[in-house]
Amino acid sequence: RDVYPAPYHPTPEQVETFLAPLVQQYRRLFVLYWGDVESDPQRLIETWLAFHAYKAADRWYGRVRLATYGVATLPEEPAITLNARFGDAIRLQGYALGRESFAPGNVLPVTLFWEVEAAVPARYKVTVQLLDGTGRLVAQHDGEPADGLAPTDGWQPGQRVLDRHGVLLPDDLQPGRYTLAVALYHVASGERLPATLNGEPVGNLLMLTGVEVEE
């Protein structure tokens, strides 16, 4: 119903003027990327959305890509701090959700705060998963950090990476208590990095917190 043509060859100021009112007005944005290599060669629109919204889905239909973003608060610091590590070089400082209760069909907004302790020689994807009481996967979002704009093989020691993910909850998800978890896996092999919490091994999937799904 509401369609907003993006500016052609936008400047950063034009992107801010175009998108900032939309994330104030809507709880979800559906973005059609078509011909954006020509129309937005610097990927300024996608970059702005990576840090001001939560991508929950990204799918190709022929030459057109449809991305779904959830809109929520944008924490700049962890709400929950952690002493967690993945492999030898990546530390998870903490995370933030904004709230703990959601309804089916919502986009669950997750912000992860990474700290780089040493150079990372390979590219890894982040998987943010929602599990039911039996450990069954019910929803997830996978992607390279910062919507692919901050691949791990470019991370530098001492760098801090802010990483937003949207987990789209199924419309038929039953109400109840679920567990949010996170892991890192190699983009080619799929092999996960081992994780530790407070120096203790926890396997290759780190449990973060409980999430309540309402009626």
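The values are calculated or read from the model by the stated rules, or taken from the named source; none is laboratory data. This structure is a prediction, so every number in the text was calculated from the model and none was measured. Note that we place each Cβ from the backbone using ideal geometry, even for glycine, and neighbour counts take in every protein chain shown. Accessible surface is based on the protein model in full, side chains and every heavy atom, while ligands, DNA and RNA are left aside. Shrake-Rupley method; radii C 1.70, N 1.55, O 1.52, S 1.80 Å.
Our summary gives the chain a relative contact order of 19 percent, counting only alpha carbon pairs under 8 angstrom and 6 or more residues apart. Ordered from largest to smallest accessible area (heavy atoms of protein chains, 1.4 Å probe), the residues Thr196, Thr152 come out as Thr196, Thr152. Estimated purely from DSSP H runs of n ≥ 4, each contributing -39500 (n - 2.57), the mean residue ellipticity at 222 nm for the chain is -3500 deg cm²/dmol once divided by its residues. Treating each Cα of the stretch 20-147 as one equal point scatterer and applying the Debye formula with no solvent, the log10 of I(q)/I(0) at q = 0.17, 0.19 Å⁻¹ comes out as -1.09, -1.29.
Work out the FRET efficiency for Leu74 and Tyr4 from their Cβ-Cβ distance, taking R0 = 25 Å, and round it to the nearest 0.05. Given R0 = 25 Å and the Cβ-Cβ separation, E is 0.75.
For Thr111, the solvent-accessible surface with a 1.4 Å probe is about 0 Å², rounded to the nearest 10. Within the chain, the longest run free of exposed loop sites, counting chymotrypsin sites (Phe, Trp or Tyr not before Pro) that sit outside DSSP helix and strand states (H, G, I, E, B) and have at most 16 other Cβ atoms within 10 Å, spans 35-215. The dipole here belongs to the stretch 53-163: it is taken about the Cα centre, uses +1 on the Cβ of Lys and Arg and -1 on the Cβ of Asp and Glu, and is about 380 debye. Sorting Lys125, Lys55 by accessible area puts them as Lys125, Lys55; the probe is 1.4 Å, largest comes first, and only protein heavy atoms count. Note on exposure: Arg1, Arg28 ranked by accessible area (1.4 Å probe, complete protein assembly) read Arg1, Arg28, with the most exposed listed first.
Centroid-to-centroid, using Cα positions, the stretch 21-85 and the stretch 154-183 are 14 Å apart. Modelled this way, with points 7 Å down the Cα-to-C-beta line, the labels at Phe30 and Ala119 are 4.5 nm from one another. Each of (1) 12.9; (2) 15.2; (3) 13.7 is a candidate for mean projected area of the Cα convex hull in nm²; the one calculated from this structure is (1).
In this view, the solvent-accessible surface of Asp147, computed with a 1.4 Å probe and all protein chains in place, comes to about 40 Å². Distance between the modelled labels on His52 and Val187, one decimal in nanometres: 2.6 nm (7 Å Cα→Cβ projection).
Only the Cβ atoms of Lys and Arg (+1) and of Asp and Glu (-1) were treated as charged; on that basis the dipole of the chain about its Cα centre amounts to roughly 240 debye.
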